[in-house]
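**Q** Dropping the structure in here first, questions after.
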Amino acid sequence: MTRRIPELSRAMPGGYLEIHAEDAAAHDLRNGDKVTIESRRGSLVIPVWIDGRGQPPRGTVFIPFFDETLLVNDLTLDAVDPFSKQPDYKKSAVRIRKV
């Protein structure tokens with residue numbers, strides 16, 4: 001997650017949005033197309049990966065957190081667990097638009 005290992009950085013040089021093939025078709029998206037993903041807290045532009053490694057279920061998307069140039073945390077909830085004080089980064093309602 002620190003992007004300090006050159007082999008990993010070469011293998012996956014940037015962040016992406018994983019999306020189910022049926023959802024991608026509904027938005028007229030192809031692999032590599034850029035989308036704007038928006039939540040009530042922020043937005044960013046990111047390339048699409050259809051049916052990637054995570055294979056998100058229909059109606060959901062996934063963005064990994066490894067790319068420090070994409071501030072994914074700005075899209076997510078600002079809630080924290082009351083006991084551990086860990087941030088609740090796991091989910092957020094979003095809208096996507098093809099760029």
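The values are calculated or read from the model by the stated rules, or taken from the named source; none is laboratory data. Just so it is clear, the structure is predicted and the values come from calculations on it, not from any experiment. No Cβ is skipped: glycine too gets one built from the backbone with ideal geometry, and neighbour counts run over all protein chains shown.
**Q** Checking T69 against (1) at pLDDT 90 or above; (2) closer than 27 Å to R4 by Cα; (3) surrounded by fewer than 16 Cβ atoms within 10 Å (Cβ to Cβ), which test does it fail?
**A** Here T69 meets the rest and fails (1).
**Q** Another question, if that's okay. Pairs, please: C-beta under 8 Å, at least 6 apart or cross-chain, first residue within 14 Å of G52 (Cβ to Cβ) and in the stretch 6-27, second loosely packed, with under 11 Cβ neighbours inside 10 Å and β-branched (V, I, T)?
**A** Listed by first residue and then by second, the contacts come to G14/T69; G15/T69.
**Q** With farther than 19 Å from N73 by Cα, of a type in the set (A, V, I, L, M, F, W, C) and surrounded by 12 or more Cβ atoms within 10 Å (Cβ to Cβ) as the only criterion, which of A11, A24 stands out?
**A** None of the other options fit; the residue is A24.
**Q** Taking the stretch 72-99 as the search range and keeping residues that are basic (K, R) and either more than 29 Å from N31 (Cβ to Cβ) or in a loop (DSSP other than H, G, I, E, B) (or both), which one is modelled with the highest pLDDT?
**A** K85
**Q** Within the stretch 79-99, can you find the residues that are closer than 21 Å to T36 by Cβ and not polar (S, T, N, Q)?
**A** Going through the stretch 79-99, the residues closer than 21 Å to T36 by Cβ turn out to be 89, 91-99.
Within the stretch 79-99, Y89, K91, A93, V94, R95, I96, R97, K98, V99 meet the criteria.
**Q** Considering only residues that are touching a residue at least 40 places away in the same chain (Cβ under 8 Å) and surrounded by fewer than 13 Cβ atoms within 10 Å (Cβ to Cβ), look in the stretch 35-59 and name the one that is nearest to D78 (Cα to Cα).
**A** R40
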